[in-house]
Every structure is written in C-alpha cells, then in structure tokens.
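Working notes for the structure below.
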Amino acid sequence: MTPGELPAVPGILTSADIRRTGESIAAAQEPDGALPWFTGGHTDPWDHIESAMGLTVAGLWDEARDAYLWSAKTQRPDGSWPAQVRRGLIENADSDTNFCAYLATGILHFATVTGDLGFAASLWPAVRSGIDFVLGQQGPHGEIYWSTGSPGEALLTGCSSIHHSLGCAVGLAEQLGDPRPEWAAARRLLGDALRHRPELFLDKSRYSMDWYYPILGGALRGPEATARIERHRDEFMVPGLGIRCVSDAPWVTGAETCELVLALEANGDHDTATRLFGEIQHLRESDGSYWTGMVFTDGKRWPEERTTWTAAAVILAADALSRTTAGNGIFRDSPED
C-alpha cells in the first residue's frame, strides 16, 4: 500500500498544510530513527512514538518505520526504555511506565493506517515485552506506579495513557493471534481505579492533562466525561487561544489543546473540538512546525522551541476531526473495560 489522502480541516488546515507539518517532524529525525523534541534536543520514548504517529498520518511511512525500529533497537532486556536520551547517550536512565506502554498505541496505529500487519508482527516482541514490564509495576488496586525511580507513586495522567495503551495492546494481540486476557484483566482493574479511586494518584490537578486524560485514555466517556469537562472548563480554557498547561500560569500550549481536541472528539463534542483546533493555529509557523506554547500576558512564544510532538498532536487532531485515515479513531474507538 501507499499513502492515500491526507487530513484536512476546512477553513483551518489543508492537506498540504498537514504534509508540511509532517515534513517538519521528519526534518528533526536523526540517522538512527530517533525523533527528538527538536533538532539537537533530547528524545523520550513517549514523545518519540507520538511523533511517529504524526509521520504516519502525514504519509511519511518510511520515516515512521525507522522511528519504530529505533524503539525496538533501544529497548532494554527488561522491556523498558530509558526516560531520556540525546544522540544515543542516556541522560536519564529511569523507566517511565507510561513511556514504555505507548509503543503498543503506535504500532496498532501504524498497522491500522498502513495495513502492514507484517511490520506490526515484527515489532510485536518489543510491544509485548514493554507491556509486561509496565504491568510488573501495577499496584494492588489497579494503579500503575509511574517510574522505577519513584516506587509506590501513581499519576492520573500517566495511568490514563497506559489504560489506552493497554486497550491497543489487547487489540493488537488479538489481530496477531496471540491473545492476552491477563492484559485485559489488568486494564479493567486500572480503569476501575481511574474512575473510582482518586486517592490512589498524586494530586496534579493544576495540570490540564489530569483534567482531560481520563477521557482521552478511554476510562471516562459519556455524561461522566462531559461533567468532568464542564467542571474545569473555566480553569483551563482561554477563549480564542486554546488551553492552559497549568491552571495558575498564563501559558497556553499546542499539544495539550490538541489532546483536548482528541478527548472532546472522542466524547462526541465535535463543535468544541473544532473550535479549539482553529484557535491553537496561532502557534503555527510557515514551515508547518509549531511552537510549544505562548505566554498570553505578553504574547511571547515560550519556551523558544518548536517541538515535534506538538506538531504530531496537531496532525492526529486533524485526522480525528476529519476522519480521514483508517487510524483516525485510535483514541475515539478505545474499547470498554
């Protein structure tokens, strides 16, 4: 197969715009396949996968394959990855469970968009090993501890993302003829913790991700999700500009806004999602790249960097809104526990 139609959101971005944004991600890719935050920056395993997903939607399949092969090559024997590397050198050797789970989402997404189940099969050992590592960090009530460097601590955002990745891993396992019912059981336990046991997670409620990630990760949908959005809407939404990264700082960010777009779209609020997607385009540059954020009290870009994962979040949001590629529902279609 070859790449087909690229997403477009009428009145906001054309398919040519999406291609340019994909090319801005590819321009930062290193020879070994790594996708750092920006040229010369560090690479972490989660944002690397997010950027690979953006490349896939943008039709840059060879570059996406190289990125996934980098993940397989750099995985450690226990199934984990170091939290941060720069040009092949480890800067943070701790293992973040959310980071280690996300390969399952990326590989299912790639297989769904491209139809290349053979490539997915070749990466299956890495996915399987990563998920087994993650579930080795699961607590007695379903929570999953976030880092080998912080035993016993669980994060709501990270666990919500793991919940989604586990759903992808279970689906991929079934497609590849290697069903993993124990993963599905672990996901059910985690989903119950996310919905009913807030005391299990560190309080990070000032961060917008803790607001919408239970919806993005599929643990909450329907009236409960809508109520959660409404309860904190005024804390995070900045009319005309997107959403804050943290509730107590005058800083809107592109990736968080586009993730909220994905969460709202998954919960059926297409109109609000589309409006927010249009609002965040003030971060776009002419080459298709995106600034990470803006301090809206003085209109300055901050930090002064254009990040690959912000560009990828824009591409994934455009695909979800336009329902263009076969993988456009990777977040919307998260299975029930």
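The values are calculated or read from the model by the stated rules, or taken from the named source; none is laboratory data. Note that this is a predicted model, so its numbers are computed, not measured. Cβ atoms come from the backbone with ideal geometry, glycine included; neighbour counts cover every protein chain shown.
At a glance:
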read-out	value
Of all residues making up segment 282-337, the number that are surrounded by fewer than 17 Cβ atoms within 10 Å (Cβ to Cβ), closer than 30 Å to LEU190 by Cβ and among the aliphatic types (A, V, I, L, M)	1
Scan of segment 292-324 for residues that are more than 12 Å from TRP251 (Cα to Cα) and either modelled with pLDDT under 95 or not in a helix (DSSP H, G or I) (or both), ordered by number	GLU304, GLU305, ARG306, THR307, ARG323, THR324
Test: ALA16 is farther than 21 Å from HIS109 by Cα, small (Gly, Ala, Ser) and part of a helix (DSSP H, G or I)	yes
ILE215 being over 30 Å from SER122 (Cα atoms) and touching a Phe, Trp or Tyr at 6+ places or on another chain (Cβ under 7 Å)	no
Unique match (being in contact with a strand residue (DSSP E or B) (Cβ under 8 Å, 6 or more places away or on another chain) and not acidic (Asp, Glu)) among LEU264, LEU260, LEU220	LEU260
Which numbered condition LEU89 fails, given (1) hydrophobic (A, V, I, L, M, F, W, C); (2) surrounded by fewer than 18 Cβ atoms within 10 Å (Cβ to Cβ); (3) within 16 Å of the chain's Cα centre (by Cα)	(3)
Qualifying residue in segment 259-275 (condition: in contact (Cβ under 8 Å) with a residue 12 or more places away in the chain and either of a type in the set (Lys, Arg) or in contact with a Cys (Cβ under 9 Å, 6 or more places away or on another chain) (or both))	no
LEU117 modelled with pLDDT of 95 or more and crowded, with 22+ Cβ neighbours inside 10 Å	no
Hey, PHE277 in contact with a strand residue (DSSP E or B) (Cβ under 6 Å, 6 or more places away or on another chain), of a type in the set (Phe, Trp, Tyr) and buried (at least 16 other Cβ atoms within 10 Å of the Cβ) or not	no
Number of the exception - PRO151 against (1) closer than 23 Å to PRO45 by Cβ; (2) at pLDDT 95 or above; (3) not small (Gly, Ala, Ser)	(2)
Odd one out for LEU189, checked against (1) of a type outside the set (Lys, Arg); (2) over 21 Å from ILE330 (Cα atoms); (3) in contact with a helix residue (DSSP H, G or I) (Cβ under 8 Å, 6 or more places away or on another chain); (4) part of a helix (DSSP H, G or I)	(3)
Test: residue in segment 233-242 that is buried (at least 22 other Cβ atoms within 10 Å of the Cβ), part of a helix (DSSP H, G or I), in contact with a strand residue (DSSP E or B) (Cβ under 9 Å, 6 or more places away or on another chain) and aromatic (Phe, Trp, Tyr)	yes
Scope segment 200-228; condition among the β-branched types (Val, Ile, Thr) and surrounded by fewer than 24 Cβ atoms within 10 Å (Cβ to Cβ); matching residues	THR226
Unmet criterion (only one of (1) without any contact (Cβ under 8 Å) to a residue 40 or more places away in the chain; (2) of a type in the set (Asp, Glu); (3) not in a helix (DSSP H, G or I)) for GLU63	(3)
Residue list for segment 325-337, restricted to those being modelled with pLDDT under 95 and either among the basic types (Lys, Arg) or within 19 Å of GLY54 (Cα to Cα) (or both)	SER334
